[in-house]
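Report on one structure; see the data block that follows.
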Amino acid sequence: MEDPWKVAVVSSSLDKRQDVAEILFRLGIDAICVSTVDEFREIPGREDFGLVFCDRQMKDGDYRDVLPAAASTPRNPRVVMMSEFHNPEDYQRAKRLGLFDVIPSPCRSSDIEWMIIQARRASRKELLRSSPELPMFHKTARTGS
């Protein structure tokens, strides 16, 4: 059974927060939505977040302010920006700063779902790398029929 995994949506746009929260709800995930970076920093239980969707720009900052706020938690959630990049250099710069990925805005359900899948995979890989005892299979286990 997978441990609790929360998703945050940081956007100054009420419509965008509602749209993304509705997509997440249809996927069985309750989102915590906030309109500013400061509100994101003050969310109780932030250590349980596995993924954060944010705008390129909010009223009190931008995605570069969300990155350290997310990284300050033990789980170090993946941050996905909801925006368009007009050139590949901006995208690469954002990735170097620690952004997990970028999806187009307005967000499509398939993009949101794909980011959840990718973030969960990345979290599992990290967990396996950090675990000193990986599951061992008995040498007599059959590998197929």
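The values are calculated or read from the model by the stated rules, or taken from the named source; none is laboratory data. Quantities reported herein were computed from a predicted structural model and do not represent experimental measurements. Methodologically, a virtual Cβ is constructed for each residue, glycine included, from the backbone with ideal geometry; neighbour enumeration extends over all protein chains shown.
Points to keep in mind about this one:
- Residue 80 being assigned to a helix (DSSP H, G or I) and β-branched (Val, Ile, Thr): no
- Qualifying residue in the stretch 90-103 (condition: in a helix (DSSP H, G or I), surrounded by fewer than 19 Cβ atoms within 10 Å (Cβ to Cβ) and polar (S, T, N, Q)): yes
- From the options 51, 24, residue that is outside any strand (DSSP E or B) and surrounded by 14 or more Cβ atoms within 10 Å (Cβ to Cβ): 24
- Each residue in the stretch 23-58 was checked for being hydrophobic (A, V, I, L, M, F, W, C), over 19 Å from residue 106 (Cα atoms) and touching a Pro at 6+ places or on another chain (Cβ under 9 Å), and 1 of them qualify.
- Taking the criterion of being in contact (Cβ under 8 Å) with a residue 40 or more places away in the chain and over 22 Å from residue 14 (Cβ atoms), the residues of the stretch 35-69 that qualify are 48, 50.
- Among (1) touching a strand residue (DSSP E or B) at 6+ places or on another chain (Cβ under 8 Å); (2) modelled with pLDDT of 90 or more - the single one residue 61 does not satisfy: (1)
- Boolean, residue 66 is out of contact with any His (no Cβ under 7 Å at 6 or more places or on another chain), of a type in the set (Val, Ile, Thr), in a helix (DSSP H, G or I) and surrounded by 15 or more Cβ atoms within 10 Å (Cβ to Cβ): yes
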